[in-house]
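So the structure is just underneath, and the comments pick up after that.
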Amino acid sequence: MITSRRKMERKEKDQDKKCPVVTNGIDSEDDDSMGGCPMGQNGQQPKMNGVPDSYREYLQLEKLLKCQTMSSSIAGKPVHDEHLFIITHQAYELWFKQILFEVDSVRESFMMPVLDENQMLKIVNRLSRVVLILKLMVDQFMILESMTPLDFLEFRQHLSSASGFQSLQFRLMENKLGIKEENRVKYNQQHYMKVFKDEESKQMLADSITSPPLLTLLEKWLERTPGLTDHEKADFNFWERYKTAVYQWIENDWHTPYMEETDPKQKEILLAEYNKQKDSFESIFTAEKYNVYVERGERRINHKAFQGALMISLYRDEPRFNQPFQMITLLMDIDSLITKWRYNHVMMVQRMIGSKIGTGGSSGYHYLRSTISDRYKVFVDLFNLSTFLIPRQYIPPLTRSMKRTLSTVSTSRLPETDELSDVTDQLDKQTFGSSPRQMTGTSPRTRPVFFT
């Protein structure tokens, strides 16, 4: 009995030494083997290849949460709201870093010799993420504005020459999106790069300027839009069909009412509106006229890329144009939200310091106000596409081959040629009042319209 009791006690002690974790309901018999205790000695999980073993270590919170050093505390008079000021600006910098991470990945996709259309969903997803981040950043000003101007004045002198103008990541973001150097407002009459003294920052800025920005990559991609060919044998020449449709629309909606009007004053108003519409559209019809606006800086992308963006906007319901249209919309959202962020920043600065000189030596409010304009919009051409949209009933119908090109369905599911012609005739009746088959000569969509 004594021997049996000693064996039982020894067994219990052995069990106590074993792993406290049970895997699949079976205790490991070999603590040193791969199947041994995953918690290691004393029940502590060992690090594997330097992998962090806790939430705190994974996020490096020990470093991160020690980065909020208040200058007012160092000076011996801590100011409560300085802590909020630091936290808010650090949060902005972290979001800038994430935006750069997303924009760089999108730029890499566009840099491929041929953009795989399967990548478009990823591009749309990542641009959507940038939009959400920017919305959060715009709203984040409300937290900072809970600080009063007098509260800010208590620690402002401790900022010394530190200024938001010195944010490297914000400048990188601007460059990588595509803000042109010639459009920038000078900071204290000097180039913005002058505020960066260290070589690493200078090199990063130089690289961001020399590498193709998202705007340039978008431009090259838009040039390849299906349907833009001007080859004589092309089945579908979008630009020629579009111009004819525009002339027909202007003729029906402005010139005809002008001709039928009997009241001299009203007739003069209609003629002015007619000429205004005609001149506006004719400014984009030829590359020569279009490029005049490019030289003025009023347009950014070249003529062919503009045609591609306009075609995508008009035929956005076609399967292959759906995601490109979403991307165009997201790029406008990004531009719009950055402008809102700038505006909120300007209003906060005016509220906090009025017309005082900025901490970095700039004119403060007056300098920041000058950045809220179209010169700082990257994708301004995409906003202006709405000027040149035409009513749906005037949009030129696609040919069968172009319909197939822009479709993701099987060719066998498309209507036969005669069926598609019937559909086209019906659209012509709705738009022009008669079908090409009922008219002699050419279709109204290809017939030139002369203005008097």
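Please find the FRET efficiency linking LYS197 to ASP139, where r is the Cβ-Cβ separation and R0 is fixed at 30 Å, and quote it to the nearest 0.05. Working from the Cβ atoms, E equals 0.35.
Spacing of the modelled spin labels on SER160 and GLN350, each 7 Å from Cα toward Cβ, amounts to 3.2 nm.
With θ taken as phi - 60° and the Karplus curve 6.51 cos²θ - 1.76 cosθ + 1.60 applied, the whole-hertz 3J(HN,Hα) list for region 283-290 is 6, 10, 5, 10, 5, 4, 5, 4 Hz, x standing for glycine and proline. Placing dummy labels 7 Å off each Cα toward the beta-carbon, the span from HIS83 to VAL114 is 5.9 nm. Over region 213-331, Cα pairs under 8 Å with separation of 6+ residues give a relative contact order of 29 percent.
Centre-to-centre, using Cα atoms only, region 189-230 and region 95-173 are separated by 17 Å. For region 234-380, the share of accessible area belonging to carbon and sulfur comes to 50 percent (1.4 Å probe, ligands and nucleic acids excluded). The protection proxy used here, the mean number of other Cβ atoms lying within 10 Å of each residue, ranks peptides 321-331, 280-290 as follows, highest first: 321-331, 280-290. With 32 Å as the limit on Cα-Cα distance, the pairs of LYS278/LYS403; LYS122/LYS197; LYS66/LYS377; LYS202/LYS377; LYS63/LYS377 that go past it are LYS122/LYS197; LYS66/LYS377; LYS63/LYS377.
For region 209-282, the list of trypsin sites (Lys or Arg not before Pro) that fall in a loop by DSSP and count at most 10 other C-beta atoms within 10 angstrom reads LYS233. Per residue, the solvent-accessible area of region 41-190 (1.4 Å probe, heavy atoms of protein chains only, all protein chains present) comes to 61 Å².
With the whole protein complex present, ASP53 retains an accessible surface near 80 Å², based on a 1.4 Å probe.
Within the assembled protein chains, the solvent-accessible surface assigned to ASP253 is about 70 Å², based on a 1.4 Å probe.
Once the Cα-Cα distance is subtracted from the 0.36 nm per residue extended length, the GLN98 to LYS267 segment shows a gain of 55.2 nm.
Using Cβ point charges alone (K and R +1, D and E -1), the dipole size of region 194-280 about the Cα centre works out to roughly 260 debye.
Can you give me the solvent accessible area of PHE110 with a 1.4 Å probe, rounded to the nearest 10 Å²? Accessible surface of PHE110 is approximately 20 Å².
The values are calculated or read from the model by the stated rules, or taken from the named source; none is laboratory data. Just so it is clear, the structure is predicted and the values come from calculations on it, not from any experiment. Quick reminder, even Gly has a Cβ in these numbers, built from the backbone with ideal geometry, and neighbours come from all protein chains shown. For the accessible areas, the whole protein counts, side chains as well, though only heavy atoms, and no ligand, DNA or RNA atoms are used. Shrake-Rupley method; radii C 1.70, N 1.55, O 1.52, S 1.80 Å.
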